[in-house]
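In what follows, a single structure is set out as structure tokens and then discussed.
The values are calculated or read from the model by the stated rules, or taken from the named source; none is laboratory data. Quick caveat: nothing in here was measured; it's all calculated off a predicted structure. Neighbour counts are summed over all protein chains in view; Cβ atoms, including those assigned to glycine, are modelled from backbone coordinates with ideal geometry. With ligands, DNA and RNA removed, areas are computed over all heavy atoms of the protein, side chains included. Shrake-Rupley method; radii C 1.70, N 1.55, O 1.52, S 1.80 Å.
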Amino acid sequence: MTSTLPNPLTARTINTTTALKPAVSAQIRQRLQDAEVPFLANDNISEFLEDGDLDNLEVEVADKVRDLLRSLVIDIENDHNTAETAERVARMYLREVFKGRYLKQPKIASFPNVKKLDEIYTVGPISVRSACSHHLVPILGSCWIGIKPGQRVIGLSKFARVADWVFSRPHIQEEAVLILADEIERLCEPQGLAILVKAQHYCMKWRGVKEPQTSMINSVVRGDFRHDPSLKAEFFELVKQQQSLLSH
Ligand SMILES: [Zn+2]
């Protein structure tokens, strides 16, 4: 039985060292509050991180996850399966599934639209992965982006990169689509932009109502797609064609 207790010596040593300086998360929070910048679950805070912060956050988050596991009455000292779960979960949150909060936007070059292209095109399906802000369980789905080019153009693969960056944060789907639309508008200033996202919410599949087939579809239309109903209809028709390509 005694072997399940945390080593008091180790625990005391950790507490003494961390007591000297505020936790790294507290330092980052202070910078954000001083600058009056929001740090909601789906905000990117990369500008407020200094060199080494992410490594230190990984240590801090792992400590908290270890506490969470202990509070769940899991014997992490003796269970070989969960012995390093805290480190794995911390790394997963900060470096993978929520990396869109901590890392800067991937470098995306845009080019002048020299040929004055103004025909619409769609890109999709682009896989998107997120987690609900309410329970931190996965949201997995696909995204289609429709563009009527404006002053600048970006490469097709870049849409996937920016979508991955935006979705890799805790979200609700409605806001994720709006944030993605803002980023794409910033990158290439299109005359028209339409985005459709269809996703499965593990919030509903794994827990709660446990409804495995339900998905959520939502869209945002801006610029010419909003003002011209035929253009909007063309976007949804193109998405339908791209979807039907998948079943062949
Ligand atoms: Zn949820």
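Show me the GluC sites (Glu not before Pro) within segment 17-77 that DSSP assigns to loop and that have at most 16 other Cβ atoms within 10 Å of their Cβ.
On the way: sites: E36, E47, E50, E58, E60, E77; in loops: E36, E50, E77.
Hits after loop and neighbour filter: E36, E50, E77.
With the contact rule set at Cα under 8 Å and sequence spacing of 6 or more, what percent relative contact order holds for the chain?
Numbers: 370 pairs, mean separation 39.9, N = 248.
The value is 16 percent.
If you take the charge dipole of the chain about its Cα centre, with +1 on Lys and Arg Cβ and -1 on Asp and Glu Cβ, which of V137, F235, A109 is farthest toward its positive end?
F235
Against the longest alpha carbon principal axis of the chain, how many degrees, from 0 to 90 and to the nearest 10, is the axis of helix 173-188 turned?
60 degrees
May I ask which residue of T82, S71, Y121 lies farthest towards the positive end of the charge dipole of segment 63-126, with charges of +1 (Lys, Arg) and -1 (Asp, Glu) on Cβ and the Cα centre as origin?
Towards the positive end, the residue furthest out is Y121.
Using only the alpha-carbon atoms, how far is helix 24-34 inclined from the longest principal axis of the chain? Give it as 0 to 90 degrees, nearest 10.
50 degrees
If I build a Gaussian network model for the chain, linking alpha-carbon pairs within less than 10 angstrom, which residue out of H134, H171, H80 has the largest mean-square fluctuation?
Evaluated over the chain, the most mobile residue of the options is H80.
Once you have a ≥ b ≥ c as the square roots of the Cα gyration tensor eigenvalues for segment 79-221, tell me rounded if a/c is under 1.5, and otherwise prolate or oblate according to whether a/b is larger than b/c. List each step's numbers first, then the result.
Details: a/c = 3.18, a/b = 1.72, b/c = 1.84.
In terms of gyration-tensor shape, oblate.
Compute the Cα gyration tensor for segment 174-218, then decide on rounded, prolate or oblate, letting a ≥ b ≥ c be the square roots of its eigenvalues: rounded whenever a/c is under 1.5, prolate when a/b is larger than b/c in the other cases, and oblate in all that remain.
Cα axes put segment 174-218 in the prolate bin.
Using only C-alpha atoms and all pairs of different ones, pull out the Kirkwood radius for the chain in Å with one decimal.
Details: mean 1/r = 0.0483 Å⁻¹.
Its Kirkwood hydrodynamic radius stands at 20.7 Å.
Students sometimes get this wrong: rank T122, T214 by accessible area, probe 1.4 Å, all chains present, largest first.
Numbers: T122 25, T214 50 Å².
The most accessible residue leads, giving T214, T122.
Under 10 Å, Cα contacts only: if you run a Gaussian network model on the chain, which one of N218, N78, N42 comes out with the highest mean-square fluctuation?
Highest fluctuation among the options: N78.
Just to be sure I understand: with springs between alpha-carbon atoms less than 10 Å apart, which residue in G141, G192, G52 has the highest mean-square fluctuation in the Gaussian network model of the chain?
G52
On each of the three principal axes of the Cα atoms of segment 14-121, give max minus min coordinate, whole Å, ordered largest first.
65, 36, 21
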